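Reading through the C-alpha cells given below for one structure.
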Amino acid sequence: MQYPQTDCGAAIRDLERMAWDDGGQDGAFPSAPDTYDTSFVWMDGDVAVCHVGIRKTEFLHRGQRYLAYGLSEVVTRPEYRRRGLATTTIRRAARYIADRRPDLSVFTCEPDKIPLYERGGWNIAKDVCLVGGTRERPFRSDSLHLATMIRLLSPRAKAHAADFEHADIVLELGEGQLW
C-alpha cells in the first residue's frame with residue numbers, strides 16, 4: 001500500500017529501527033519532512049514487512065536546475081527476505097517516480113545492494129558522489145563507502161548525461177541527511 005509517512009504509525013517506525021538503530025530515541029519521523037514525498041509498504045496483517053520511502057528535491061548542477069527523486073529507508077524484515085518483496089516494491093516506486101516526470105532519480109546504497117536497484121531500473125554511477133547535508137556541513141556518500149545509483153528520466157537530463165559522470169551531485173537535504 002502507499003501512504004504518507006507522517007501517518008505511518010508504530011509498525012513502520014519499528015521496521016525502520018531494525019535497519020537504522022536510533023539508540024532508542026524517538027526522533028522526528030520522517031526525518032527531513034520537506035524532502036519526503038510518499039512511502040510504499042507491504043503489510044502482513046498488522047506487521048510492516050517491507051518499506052520503500054520516496055524523497056524529492058530540486059537542485060542546481062553545472063548550471064542546470066533539476067528535479068530529483070530518490071529512494072530512502074528501504075528495508076525488509078529478515079524473515080521476509082528472498083521473496084521478491086523489495087524488488088516488487090522498488091519497481092512500483094520506480095513507476096511512481098517516472099509518473100511524476102522528474103529529471104532524474106538518484107540515491108545511495110550499500111555496494112552489495114547494487115543488483116537489487118539495477119533490477120528496479122537504476123544504474124550504478126561510477127565515480128559519482130552524492131553530497132547531502134547542508135552547504136555548511138556537507139554529508140558525502142563516499143565518506144560512508146556508498147554506491148550512487150542514478151536513472152536519467154527527462155530529455156534534458158539525458159542530453160546532459162556527461163555532466164553526471166565523474167561528478168559530485170550536491171543535494172541540500174538538511175543536516176546529516178543523505179538518500
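The values are calculated or read from the model by the stated rules, or taken from the named source; none is laboratory data. It should be emphasised that the depicted structure is a prediction, and the values quoted were computed from it without experimental measurement. Because the Cβ atoms are built from the backbone with ideal geometry, glycine has one as well, and the counts that use them run over all protein chains shown. Note: areas computed on protein heavy atoms with side chains; ligands, DNA, RNA excluded. Shrake-Rupley method; radii C 1.70, N 1.55, O 1.52, S 1.80 Å.
Panel values: segment 23-155, Kirkwood radius from alpha carbon pairs, Stokes-Einstein at 4 °C and 1.567 mPa s, translational diffusion coefficient 82 µm²/s.
Mean separation of Cα pairs under 8 Å and 6 or more residues apart, divided by the residue count, gives the chain a relative contact order of 20 percent. With a 1.4 Å probe rolled over the protein heavy atoms of all chains, the accessible area of 143, 105 falls in the order 143, 105, largest first. The GluC sites (Glu not before Pro) of segment 91-179 that meet both conditions, a loop assignment by DSSP and at most 14 other Cβ atoms within 10 Å of the site Cβ, are 136, 165, 175. For the chain, the per residue solvent-accessible surface stands at 53 Å², with DNA, RNA and ligands left out and a 1.4 Å probe. Applying 1/(1 + (r/R0)^6) with r as the Cβ-Cβ distance of residue 62 and residue 136 and R0 = 22 angstrom yields a FRET efficiency of 0.50. Taking the C-alpha atoms only, the angle from helix 85-99 to the longest principal axis of the chain is near 50 degrees. Rounded to the nearest 0.05, the FRET efficiency derived from the C-beta distance between residue 126 and residue 44 at R0 = 45 Å is 0.75.
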